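FYI, it's all coordinate maths here, none of it is from the lab. None of the values given here were measured: they were computed from a predicted structure. Positions of Cβ are generated from backbone atoms using ideal geometry, with glycine treated the same way; all protein chains shown enter the neighbour counts.
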Amino acid sequence: MSSAIDPRATSAMLYLDGVHVTFDGFHAINNLSLTIAPGEMRAIIGPNGAGKTTMMDIITGKTKPDEGDVLFDGITDLTRLDETQIAELGIGRKFQKPTVFESQTVEDNLLLALNADHRVRSTLFWQRSKADDAAIDCVLDTIRLDNARRQLAGSLSHGQKQWLEIGMLLAQDPKLLLVDEPVAGMTDIETHQTAELLKEINRDKTVVVVEHDMTFVRELGVKVTCLHEGSVLAEGSIDQVSANDRVIEVYLGR
Amino acid sequence: MRHTLTRSLDRSATTFLLIVAGAGILLPLSNLLLPASSPLHVPTYVMTLFGKYVCYAVLALSIDLIWGYCGILSLGHGAFFALGGYAMGMYLMRQIGPRGVYADPVLPDFMVFLNWKTLPWYWYGFDMFWFAILMVVLVPSLLAFCFGWLAFRSRVTGVYFSIITQAMTYALLLAFFRNDFGFGGNNGLTDFKDLLGFNVQASGTRAALFATSCLLLALSFLMCRAVVRSKLGKILIAIRDAESRTRFLGYRVESYKLFVFTLSACIAGLAGALYVPQVGIINPSEFAPGNSIEAVIWVAVGGRGTLVGAALGAVVVNYAKTLFTSGALAPYWLFMLGALFILVTLLLPKGLVGTWYAWREGRQRAALSLDADSAAFEDSGVKPHMAE
Ligand SMILES: Nc1ncnc2c1ncn2[C@@H]1O[C@H](COP(=O)(O)OP(=O)(O)O)[C@@H](O)[C@H]1O
Ligand SMILES: [Mg+2]
């Protein structure tokens with residue numbers, strides 16, 4: 001397979017080529033190819049069931065592709081690794097449905113996400129350190145949940161949970177962030193703040209955002225990829241993509 | 001806010017430890033020092049009965065550690081308890097020596113009865129106490145480690161995991177029933193004479209066993225508590241609540257499960273080892289799948305994920321069992337246990353202690369907001385009028 005790899009791949013942060021996934025005969029991902037450059041932010045749009053979440057499942061090792069290459073940082077074949085190994089490589093993920101540890105405090109959620117030694121022995125004998133506290137304070141500040149630090153994550157509003165999960169991604173300090181529908185259930189102001197936050201994060205990290213909210217996507221002002229039936233339908237600036245006839249037909253409507 | 005909460009939780013842990021220590025010291029003293037006529041005298045049989053409950057409480061703690069904190073529902077934990085019990089039973093059998101019915105200096109009676117000429121290799125070493133204790137710890141842990149390694153690595157979870165743990169204990173039940181398996185078959189191991197040179201029937205030994213059980217309960221409690229309050233404990237809860245989220249943060253979930261499952265089996269084995277000299281027998285019925293399910297009910301009744309509740313649940317349910325099964329209601333005990341389980345699940349899903357914690361936390365919240373209100377009043381120079 002290595003001979004088939006496009007030489008471009010070596011410089012890409014994320015490189016998908018000819019990826020296929022079938023669930024019980026249903027082709028969820030169909031010859032998907034995508035290249036994300038280091039430091040890029042990419043917005044992924046597309047109708048429900050287009051395969052956006054499945055694409056993230058493939059990148060993070062939750063779903064194994066039947067066929068195709070998935071490379072991270074130009075060299076690492078992600079299809080051979082499991083979720084834990086992929087997370088350790090530096091790929092963080094926010095789920096479509098906000099997934100935080102509801103019965104633990106906001107602070108503890110971030111503590112668990114911190115990029116630290118994840119082995120059993122080190123966590124058993126772990127001692128709170130100033131560096132950890134500082135890192136948590138910094139994230140709390142960024143996601144504006146400083147006042148809620150001792151609250152149980154389960155008691156947060158939907159929007160706050162989304163932010164906490166983004167905060168967990170920040171604490172994890174990955175090279176690549178995959179963010180699935182971050183503004184679902186947010187007010188307009190929160191949506192705007194989230195766009196600002198993601199732009200700030202993108203200063204030193206590569207980001208892939210899946211989102212339906214076109215105002216939000218427009219605000220991000222980045223290259224857009226539209227997925228449909230498991231493959232790329234159109235790619236380009238938001239204006240190019242939203243002017244594309246096929247995109248209008250299957251996704252945006254007239 | 002959280003500080004008040006942790007402080008008061010510390011208080012309940014302290015209370016628990018004081019009660020266990022008090023029982024562990026006072027019951028044996030009253031049994032040994034007070035005359036039988038004294039109203040405060042605790043008869044030996046009562047002390048032994050409570051010793052049994054204390055061992056069950058340790059088993060319940062071990063189940064709570066994995067189920068309450070990590071969401072692993074083992075319906076086969078009785079097997080680890082029984083294996084610890086068998087290891088201790090083997091030591092006690094070897095201590096009988098030539099005092100058996102057949103007076104063989106080495107072979108236990110049941111082997112002579114089966115016409116065996118030599119001691120099977122797996123009985124070697126059990127004449128030494130330290131070796132037996134090593135096996136009490138090692139055998140259940142090793143089984144749990146191998147079983148867990150296979151199950152967790154293949155991501156067997158939820159009800160599937162529970163079912164295979166039932167199958168495991170059932171398979172052991174069948175194996176231990178066989179005479180040629182070499183553990184006394186149907187009858188198991190019994191007629192023990194002495195432990196470390198002390199007569200197991202003597203009040204003094206009984207008192208020491210009771211005190212040791214309380215010590216084991218206290219130590220297991222402290223250990224489980226240390227585990228669940230460490231960062232690892234937070235990861236266990238994270239696995240319980242959102243397993244795949246935990247994986248995507250870079251934790252190797254199966255290693256955590258394996259660690260806590262093995263630790264739990266080890267604690268269960270120690271409980272079984274102290275149980276056997278007190279009840280005087282270990283037989284294959286200890287592996288019965290129903291036993292393991294009963295133990296899970298104790299934890300549910302007391303309060304899952306509270307440790308204190310698990311121990312309390314074991315004592316309360318078993319005390320009730322003793323009361324009911326010795327009276328006219330005996331045939332209905334299983335129905336009552338089932339009804340209790342359903343009632344608790346429906347009405348008190350957090351169990352006795354869990355419900356109490358929730359209620360107390362609610363009151364503390366209310367008190368805190370009241371404080372905040374009165375502080376606000378004082379700030380504005382108005383004294384709140386409150387009936388106290
Ligand atoms: N584990 C699965 N088993 C079966 N079908 C699946 C599975 N995951 C996703 N699908 C199907 O694949 C398609 C793509 O789903 P998804 O990636 O969630 O879409 P999107 O996130 O773009 O809305 C959908 O039709 C969905 O029903
Ligand atoms: Mg989706």
Using a 10 angstrom cutoff on alpha carbons, build the Gaussian network for chain B and name the most mobile of B:Tyr256, B:Tyr102, B:Tyr53. B:Tyr102
Residues of B:234-241, mean number of Cβ from any other protein chain within 10 Å of their own Cβ, rounded to a whole number? 5
Once the principal axes of the Cα atoms of segment B:22-71 are found, what is the range along each, listed largest first in whole angstroms? 49, 18, 13
Between B:Ser203 and B:Tyr102, what is 0.36 nm times their sequence separation minus the Cα-Cα distance? Round to one decimal in nm. 33.6 nm
Here the net charge surrounding B:Gly280, from other residues whose Cβ is less than 11 Å away from its Cβ (Lys, Arg +1; Asp, Glu -1), is +2
Among the aspartates and glutamates, which fall within straight-line cross-link reach of B:Lys321, defined as a Cα-Cα distance under 15 Å, with same-chain neighbours fewer than 8 residues apart omitted? B:Glu294
What is the distance in Å between the Cα centres of segment B:251-300 and segment B:176-213? 18 Å
Suppose the chain between B:Ser38 and B:Ala21 were pulled fully straight at 0.36 nm per residue; how much longer would it get relative to their current alpha carbon spacing? 3.9 nm
Would you mind putting B:83-94, A:181-192 in packing order, based on average other-beta-carbon counts within 10 Å, highest first? B:83-94, A:181-192
Two pseudo-spin positions, 7 Å from Cα along C-beta at B:Val279 and at B:Leu222, lie apart in nanometres by 2.8 nm
Report the per residue volume, in Å³, of the convex hull enclosing the C-alpha atoms of segment B:2-348. 158 Å³
For peptide A:88-96, how many partner chain Cβ atoms fall within 10 Å of a residue's Cβ, on average? 2
With N set to the number of residues, divide the alpha-carbon radius of gyration of the protein assembly as shown by 2.2 N^0.38 Å and report two decimals. 1.18
Say each of B:Leu134 and A:Asp188 gets a label point 7 Å from the Cα, pointing the same way as Cα to Cβ; how far apart are those two points in nm? 7.5 nm
In percent, how large is the relative contact order of chain B, given Cα pairs closer than 8 Å and 6 or more residues apart? 29 percent
Specify the residue with the greatest mean-square fluctuation among B:Phe81, B:Phe126, B:Phe335, computed from a Gaussian network of chain B linking alpha-carbon atoms under 10 Å apart. B:Phe335
Peptide A:115-126, shielding by other chains (average Cβ, 10 Å cutoff): 5
Determine, for A:Glu83, B:Glu286, the number of other Cβ atoms within 10 Å of each Cβ, and report the residues in order from fewest to most. A:Glu83, B:Glu286
Which residue, B:Pro39, B:Pro108, B:Pro284, has the most motion in a Gaussian network model of chain B that connects Cα atoms within less than 10 Å? B:Pro39
Please give the Cα centre distance for segment B:218-238 versus segment B:329-347, rounded to the nearest Å. 31 Å
Binning every alpha carbon pair distance of segment B:182-289 at 5 Å from zero, what are the percents per bin? 2, 10, 15, 15, 13, 13, 10, 8, 7, 4, 2, 0
Could you work out, for segment A:95-213, what percent of all Cα-Cα pairs fall into each 5 Å distance bin, beginning at 0 Å and stopping at the bin that holds the largest distance? 2, 11, 22, 24, 21, 12, 5, 2, 1
Only loop residues by DSSP count here, and only those with at most 15 other Cβ atoms within 10 Å; note down the chymotrypsin sites (Phe, Trp or Tyr not before Pro) in segment A:123-167 that meet that. A:Phe125
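Normalised by the number of residues in chain A, what is the relative contact order in percent for Cα pairs under 8 Å and 6+ residues apart?
26 percent
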